[in-house]
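Enquirer: Quick one: the structure is below, questions incoming.
The values are calculated or read from the model by the stated rules, or taken from the named source; none is laboratory data. Worth saying up front: this structure is predicted, and the values here are computed from it rather than measured. Cβ coordinates were reconstructed from backbone atoms using ideal geometry, including for glycine residues, and neighbour counts include every protein chain displayed. What goes into the accessible areas is simple: the full protein's heavy atoms, side chains included, and nothing from ligands, DNA or RNA. Shrake-Rupley method; radii C 1.70, N 1.55, O 1.52, S 1.80 Å.
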Amino acid sequence: MKYAAPTTVDEARSLLADNPGSRVFAGATDLIPQMRSGRPEPAVLVDLKRIDQLMAVSHGEGKWTIGAATPTADLTRNGAFSGMFPGISEGAGLIGSDQIQNRSSLGGNLCNGSPAADSVPALIAADARAVIASSDGTRTVAVAEVVTGPGQTSLADDEFIVEFEIDDAPANTGDAYLRMIPRTEMDIAVVGAAVRLTMDGDTVTDASVVLGAVAPTAVRVPDAEAALVGSRLDDDTLAAVSAAASAACNPIDDKRGTIEYRTQVAGVLAKRAAVIAADRAQNGA
Amino acid sequence: MSLGKEMSLKKMSRTHVNCTINGDEVDFLTTDATSLLDALRDEVGLTGAKEGCGTGDCGACSVLVDGRIQCSCLIFAPEAEGRHITTVEGMADGEHLHPLQQTFLEGAALQCGICTPGFLLAAKALLDENPAPTETEIRYGLAGNLCRCTGYDKIIRAVQEAAVQLKGA
Ligand SMILES: Cc1cc2nc3c(=O)[nH]c(=O)nc-3n(C[C@H](O)[C@H](O)[C@H](O)COP(=O)(O)OP(=O)(O)OC[C@H]3O[C@@H](n4cnc5c(N)ncnc54)[C@H](O)[C@@H]3O)c2cc1C
Ligand code: FES
Ligand code: FES
């Protein structure tokens with residue numbers, strides 16, 4: 001296995017094109033444990049962290065641009081970003097310890113393809129886009145379209161994510177992410193729920209509800225979104241959100257949670273995240 | 001294959017890494033698949049960083065890379081090129097222990113000591129960024145470090161005491 005550290009997107013592109021079987025990485029916090037547990041070593045390991053564009057967080061022209069290899073600590077410590085997207089910041093901030101946060105990236109969290117990836121539901125709820133470099137140019141796709149199943153993505157072997165784009169949140173918009181784990185820190189989500197709401201006074205005018213860890217990929221819950229839009233978040237609405245979230249679950253049964261448990265908790269978290277998102281939409285983060 | 005030949009093949013595929021460790025310029029040879037932890041211990045001869053798990057869970061291998069706490073078991077050795085690395089060996093100032101080292105000793109915040117280098121560096125990173133952390137902030141800040149012997153209360157108290165001393169200094 002060879003290690004390579006390109007300093008430009010073009011250099012990384014040619015490395016991938018010239019060396020089939022190579023693999024990009026950022027923090028290696030998923031990659032190294034997987035290699036240790038017997039995953040085959042790639043021919044060439046392409047370290048993305050020396051490419052400045054992939055290590056930057058910036059704001060301009062009505063959107064945020066987040067380099068795909070940027071340590072999540074840099075995002076969660078960015079006050080302006082966390083103020084506009086507290087839910088994305090909450091999700092990214094739950095990834096592991098400080099040691100992990102100084103390495104873990106949004107690109108790795110997404111492309112590792114874990115259904116439990118904590119930053120993903122809130123990114124999807126914010127309609128975030130991934131800018132992907134391939135051998136013959138770049139293409140931009142919705143984050144929701146990147147992961148196709150556990151450990152599977154829609155990226156070709158020679159493609160990688162350069163950066164994420166997130167449009168500024170409209171006025172009176174708030175988001176929130178909640179996860180359930182058996183401990184208080186350092187564990188993998190049993191259920192994750194992201195909700196983003198835009199309000200006009202007491203009335204919800206726009207809603208996104210996305211669940212993690214309850215299906216092969218993060219899932220949107222259109223029935224919960226439909227129940228929210230036009231409502232004032234009364235008890236009947238919240239009950240409908242819960243029921244829709246539980247109905248959207250297609251979880252695994254494992255030592256962290258049974259199917260019944262995950263399904264019920266998804267309903268509870270979706271409802272609670274909606275209440276927090278509404279409060280943030282009305283009163284700020 | 002004779003051992004000699006194997007060795008020379010190994011040598012051929014080795015990478016030369018230049019970096020700064022505890023303030024000194026260091027260069028070492030490594031294979032690309034070697035972790036920074038193994039390179040520090042086996043090539044550089046700094047055995048302060050320990051391997052507890054090799055998967056990012058225990059924090060015994062923690063080092064500072066450009067001032068930020070990271071698990072050296074989750075870093076490929078060639079990534080260190082040009083970086084500034086601090087290991088526990090770099091915490092004392094000559095004969096003078098760092099206040100954290102002193103309060104860990106005085107407060108008996110260690111037993112077997114395997115976790116201690118990682119705790120010391122994680123606590124240093126925490127206090128460098130937040131000189132007056134609350135107990136909760138310390139507990140979360142050290143959540144990436146596991147100790148199987150001491151119990152965490154003595155460790156937390158040692159960090160609190162060092163924070164007070166550092167502020168007075
Ligand atoms: C102790 C510990 C605790 C953890 N806790 C959590 C947790 O609570 N929640 C959670 O969600 N995760 C957790 N993780 C998993 C991991 O830290 C995250 O998924 C992290 O965001 C991965 O980012 P990375 O940069 O380290 O990825 P890497 O390991 O560098 O890469 C992961 C995968 O993505 C691919 N990849 C990376 N960057 C790109 C890119 N730009 N374009 C295309 N493909 C790319 C790589 O080829 C690889 O397949 C934990 C890991 C550890 C070791
Ligand atoms: S040895 Fe690196 S975290 Fe345990
Ligand atoms: S003192 Fe033994 S593991 Fe902490």
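Enquirer: Under the 0.36 nm per residue contour assumption, what length would be gained going from the current alpha-carbon distance of A:Asp235 and A:Ala43 to full extension?
Expert: 63.5 nm
Enquirer: Can you give the average number of partner chain beta-carbon atoms within 10 Å of each beta-carbon in peptide B:124-132, as a whole number? Mind dumping the intermediate values first?
Expert: Numbers: counts 0, 3, 1, 0, 0, 2, 0, 0, 0.
The mean count of partner-chain Cβ atoms within 10 Å per residue comes to 1.
Enquirer: Could you give the angle, 0 to 90 degrees to the nearest 10, between helix A:235-247's Cα long axis and the longest principal axis of the Cα atoms of chain A?
Expert: Helix A:235-247 and the main axis of chain A meet at about 40 degrees.
Enquirer: Roll a 1.4 Å probe over the protein heavy atoms and report the accessible area of B:His98 in Å², nearest 10.
Expert: Counting only protein heavy atoms, the figure is 30 Å².
Enquirer: Report Rg/Rh for the range A:179-238, rounded to two decimals, where Rg is the Cα radius of gyration and Rh the Kirkwood radius.
Expert: Working: Rg = 13.7 Å, Rh = 12.8 Å.
Rounded to two decimals, Rg over Rh is 1.07.
Enquirer: Calculate the mean, over all residues of peptide A:88-98, of how many other protein chain Cβ atoms lie within 10 angstrom of the residue's Cβ. Write out the running numbers ahead of the final one.
Expert: Details: counts 0, 0, 0, 0, 0, 0, 0, 0, 5, 15, 15.
Shielding by partners across A:88-98 averages 3.
Enquirer: Please list, ordered by chain and number, the residues whose modelled amide H lies under 5 Å from the amide H of A:Lys63; skip anything fewer than 5 residues away on the same chain.
Expert: A:Asp168
Enquirer: Applying 1/(1 + (r/R0)^6) with R0 = 25 Å to the Cβ-Cβ distance of A:Ala243 and A:Asn283, what FRET efficiency is obtained, to the nearest 0.05?
Expert: 0.35
Enquirer: On average, how much area does the Cα convex hull of chain B cover when viewed from any direction, in nm²? Before the final figure, lay out each step's value.
Expert: On the way: hull surface 43.1 nm².
Averaged projected area of chain B's Cα convex hull equals 10.8 nm².
Enquirer: Please work out the C-alpha center-to-center distance from the range A:45-96 to the range A:125-159 and express it in whole Å.
Expert: First find each Cα centre; the distance between them is then 17 Å.
Enquirer: Here is a further query. Compute for the protein assembly as shown: radius of gyration divided by Kirkwood radius, i.e. Rg/Rh, restricted to C-alpha atoms, rounded to two decimals.
Expert: Details: Rg = 23.2 Å, Rh = 23.3 Å.
Value, to two decimals: 0.99.
Enquirer: Order the following by accessible area, largest value first: A:Met1, A:Met35. Probe radius 1.4 Å; ligands, DNA and RNA are ignored. Let's see the in-between values first.
Expert: Working: A:Met1 60, A:Met35 35 Å².
I get A:Met1, A:Met35, largest accessible area first.
Enquirer: Another question, if that's okay. How big is the accessible area of A:Val195 in square angstrom, nearest 10, if you roll a 1.4 angstrom probe over the protein chains?
Expert: 0
Enquirer: What's the long-distance tail for the range B:71-169, i.e. % of Cα pairs beyond 22 Å?
Expert: On the way: 1380 of 4851 pairs.
Cα-Cα pairs in the range B:71-169 separated by more than 22 Å: 28 percent.
Enquirer: Give me the summed buried accessible area for the A-B pair, 1.4 Å probe, to the nearest 100 Å². Working shown, then result.
Expert: Details: alone 12690 and 9550 Å², together 19880 Å².
Its buried surface, counting both partners, is about 2400 Å².
Enquirer: OK, next. Out of every Cα pair in the range A:228-272, what percent are spaced more than 12 Å from each other? Before the final figure, lay out the partial values.
Expert: Numbers: 580 of 990 pairs.
Tail of P(r) above 12 Å: 59 percent of Cα pairs.
Enquirer: Over 20 Å apart: what share of the alpha carbon pairs of the range A:49-165 falls there, rounded to a whole percent? Let's see the in-between values first.
Expert: Working: 2343 of 6786 pairs.
Distances greater than 20 Å cover 35 percent of the Cα pairs.
Enquirer: Using only Cα atoms, tell me the angle between helix A:9-18 and the longest principal axis of chain A; keep it within 0 to 90° and round to the nearest 10.
Expert: 60
Enquirer: What are the equivalent ellipsoid semi-axes of the range A:173-283, built from the alpha-carbon gyration tensor (square roots of five times its eigenvalues), in whole angstrom, biggest first? Could the numbers behind the result be given before it?
Expert: Details: eigenvalues 119, 40, 21 Å².
Working through the eigenvalues yields semi-axes of 24, 14, 10 Å.
Enquirer: HN-Hα J couplings of the range B:132-138 from phi, Karplus 6.51/-1.76/1.60, θ = phi - 60°, integer Hz, Gly and Pro as x?
Expert: 10, x, 6, 4, 4, 4, 5
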